[in-house]
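Asks: One structure coming up, written as structure tokens, with questions to follow.
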Amino acid sequence: MASNSKRTVCPLQIPKITQFKIGICQLKVTTEKSANILKARELIQAAAGKGASLILLPEMWNCPCSTDMFAKFAEDFSDIDSAPSLLMLSEVASSLGVTIIGGSVPEKDAGQLYNTCCLFGPNGEFKAKHRKIHLFDMGKPLLGEVQFKESDYISAGKNPTVVDTDFGCIGIGICHDIRFPELAMLYSARGAQLICYPGAFNMSTGAALWELEQRTRAVDNQLYVASCSPSRDSAGSYAIWGHSTVVGPMGEIIATTGHDKTVLIVDVDYAAIQRTSSYRESFPLESQRRSDIYQFVDVLTESSNS
């Protein structure tokens with residue numbers, strides 16, 4: 001929420017492709033990286049075979065969601081040819097002519113580890129990466145949950161990520177990033193039509209918050225939200241909720257999975273965003289914001305313009 005002088009809202013641009021199928025690949029992660037890469041390739045191919053041209057993978061799809069595994073499975077993104085997970089994504093995106101939002105894998109860089117999502121275009125081009133900004137540190141574990149403190153192993157990213165694609169502007173967040181509405185507001189202000197959240201909520205936070213957070217981010221910003229989780233029977237000490245989902249701009253659940261391995265194919269039509277324009281005219285939230293009381297500032301944009 002920003003004063004009109006500081007909140008720069010980009011007008012929604014009409015993307016090259018306004019109607020498309022998104023494929024959500026909820027895969028079972030094992031303790032073998034090569035097997036995970038092979039299975040991810042198979043599910044991407046299955047999604048493309050069902051007509052998906054934009055495909056989303058889960059958080060930590062090449063690695064069990066256990067903090068002690070991250071370093072072992074991490075890859076150096078500076079040379080894709082030596083990063084087998086990224087190399088597969090680039091090759092399959094190019095061979096199938098699809099855009100892939102590559103969930104996340106552990107990235108190693110200058111002695112640090114990051115939880116990173118990469119986006120590859122239909123020609124296999126490495127277009128962008130998003131390092132998870134908000135790390136999940138569980139304080140006192142809830143009943144039945146194991147202690148999980150991501151910041152003991154992973155460094156936080158410092159940059160929000162909005163990527164211009166054939167499917168419009170896509171914002172990317174990873175798991176705990178969804179809990180922070182400011183990031184989604186920033187993506188909306190920068191013109192996003194869709195926010196993708198690869199994530200792996202646990203059994204307690206998943207039951208309580210996973211669907212709620214997605215619907216809230218979508219309806220508050222009047223855009224699409226897509227999420228992708230590993231399946232519940234994935235390897236690791238961290239029990240995963242599953243339930244990958246696509247939510248429409250009015251907060252409606254368009255489609256969702258259970259907790260087993262599956263490929264979900266969902267039709268997306270950005271005309272739904274345009275239809276909410278009449279809703280926006282009836283309830284003009286932007287002009288009703290009380291910038292005399294609270295402000296939203298896109299710090300990085302303000303800094304670059306100063």
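Asks: Of the beta bridges DSSP finds with both residues in the chain, what % are antiparallel, to the nearest 5?
Replies: In the chain, DSSP labels about 70 percent of beta bridges as antiparallel.
Asks: Normalising by the residue count of the stretch 9-127, find the relative contact order in percent from Cα pairs under 8 Å and 6+ residues apart.
Replies: Working: 228 pairs, mean separation 27.8, N = 119.
Contact order relative to length: 23 percent.
Asks: Quick one: how many Å² of residue 256 are accessible to a 1.4 Å probe, rounded to 10?
Replies: 70 Å²
Asks: Between rounded, prolate and oblate, where does the stretch 168-210 land on the alpha carbon gyration tensor, with a ≥ b ≥ c its root eigenvalues, rounded for a/c under 1.5, else prolate if a/b exceeds b/c? It would help to have the intermediate numbers written out before the result.
Replies: Numbers: a/c = 3.28, a/b = 2.21, b/c = 1.48.
Taking the square roots of the gyration eigenvalues as a ≥ b ≥ c, the stretch 168-210 is prolate.
Asks: Sticking with this structure for a sec: For a quick check: with amide H placed at 1.01 Å from N, whose amide H comes under 5 Å from residue 128's, ignoring anything fewer than 5 positions away on the same chain?
Replies: When sequence neighbours closer than 5 places are left aside, the close amide H contacts are 119.
Asks: How much accessible surface does residue 137 have with a 1.4 Å probe, in Å² rounded to 10?
Replies: Its accessible surface works out to 70 Å², give or take rounding.
Asks: Still on this structure, please answer the following. How about residue 21: which aspartates and glutamates have a C-alpha closer than 12 Å to its C-alpha, ignoring those fewer than 8 places off in the same chain?
Replies: Residue 21 reaches 267, 269.
Asks: Computed FRET efficiency, Cβ-Cβ of residue 76 and residue 287, R0 45 Å: what is it to the nearest 0.05?
Replies: 0.40
Asks: Over the stretch 156-233, what per residue volume does the convex hull of the Cα atoms give, in whole Å³? Can you show the working numbers first?
Replies: Numbers: hull volume 7.4 nm³, N = 78.
Convex hull volume per residue, Cα atoms: 95 Å³.
Asks: Let me ask something else about it. Below 8 Å between Cα atoms, with a sequence gap of 6+, how large is the relative contact order for the stretch 13-77 in percent? Working shown, then result.
Replies: On the way: 69 pairs, mean separation 25.4, N = 65.
The normalised contact order for the stretch 13-77 reaches 39 percent.
Asks: Can I ask one more? Send over a whole-number figure in Å² for the accessible area per residue of the stretch 115-226, probe 1.4 Å.
Replies: Details: 4110 Å² over 112 residues.
Ligands and nucleic acids excluded, the result is 37 Å² per residue.
Asks: On a straight-distance basis, which lysines could pair with residue 158 in a cross-link, Cα separation under 23 angstrom, same-chain partners fewer than 8 positions away excluded?
Replies: Cα-Cα hits under 23 Å: 6, 108, 127, 129, 132, 149.
Asks: Helices from the chain with mean Kyte-Doolittle at least 0.0 and a Cα length along the axis of 15 Å or more, per DSSP H: which? Intermediate values should be presented prior to the final figure.
Replies: Numbers: long enough: 33-49 (24 Å, 0.09); 84-96 (18 Å, 1.14); 211-221 (16 Å, -1.58); 271-282 (18 Å, -1.03).
Length and hydropathy pass: 33-49, 84-96.
Asks: A further question follows. What is the log10 of I(q)/I(0) for the chain, computed with the Debye formula using one identical point scatterer on each Cα and no solvent, at q = 0.07, 0.10 Å⁻¹?
Replies: -0.25, -0.51
Asks: If we sort 30-40, 195-205, 235-245 on the protection proxy, mean other Cβ atoms within 10 Å, highest first, what's the order?
Replies: Values: 30-40: 17.2, 195-205: 24.6, 235-245: 21.1.
Final packing ranking: 195-205, 235-245, 30-40.
Asks: ³J(HN,Hα) across the stretch 157-169 via Karplus (A = 6.51, B = -1.76, C = 1.60, θ = phi - 60°), whole Hz, x for Gly/Pro?
Replies: Those phi angles translate into x, 10, 10, x, 10, 10, 10, 7, 10, 4, 9, x, 7 Hz.
The values are calculated or read from the model by the stated rules, or taken from the named source; none is laboratory data. Here the structure is a predicted model, which means the values were calculated and not measured. No Cβ is skipped: glycine too gets one built from the backbone with ideal geometry, and neighbour counts run over all protein chains shown. Heads up: the accessible areas ignore ligands, DNA and RNA and are worked out on the full protein's heavy atoms, side chains in. Shrake-Rupley method; radii C 1.70, N 1.55, O 1.52, S 1.80 Å.
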